[in-house]
Amino acid sequence: MQKMAQKIFSHINSLIKSILVTAILGLNLHAQSLPSQITGDTTLTLANSPYMADVSITVDAGANLTVDAGVEIFFASSVTMTVEGNCK
């Protein structure tokens, strides 16, 4: 009986992990990609969230990047953001 319970628990655990991975990957598949260079006034809106930074981003001098409240931005590994202009 104990072996059967362990087997059921293992299957449930695997199922939960699969659901979580699918949810995370699905979220990233629908994310808006950000450009590598922001040269003018740009607003990241909650309606278009989430956003994905696949490459390093530079906000140029004189450019304004506005991030609305609640916006999610996911950064790929080793991706950076350099702000030479303004970010709020």
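Bear in mind that the values in this text are calculations on the coordinates, not laboratory data. Treat the numbers as computed from the prediction; the structure is a model and nothing was measured.
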*Amide H neighbours of F75 under 5 Å, at least 5 residues apart or on other chains, H built in the peptide plane: list them.*
A53
_Sequence-distant residues sharing a close amide H with C87 (under 5 Å, placed H)_ = L65
*With 10 Å bins from zero, work out the P(r) of region 32-88 over every alpha carbon pair and list the percent per bin.*
26, 58, 16
*asked:* Amide H of Q37 versus every other amide H placed in the peptide plane: which residues, excluding those fewer than 5 positions away on the same chain, fall under 5 Å?
replied: T58
*Under the Karplus relation 6.51 cos²θ - 1.76 cosθ + 1.60, θ = phi - 60°, what is the ordered set of whole-Hz ³J(HN,Hα) values for region 63-77, x standing for Gly and Pro?*
8, 10, 10, 10, 10, 5, 4, x, 5, 10, 10, 9, 9, 5, 4
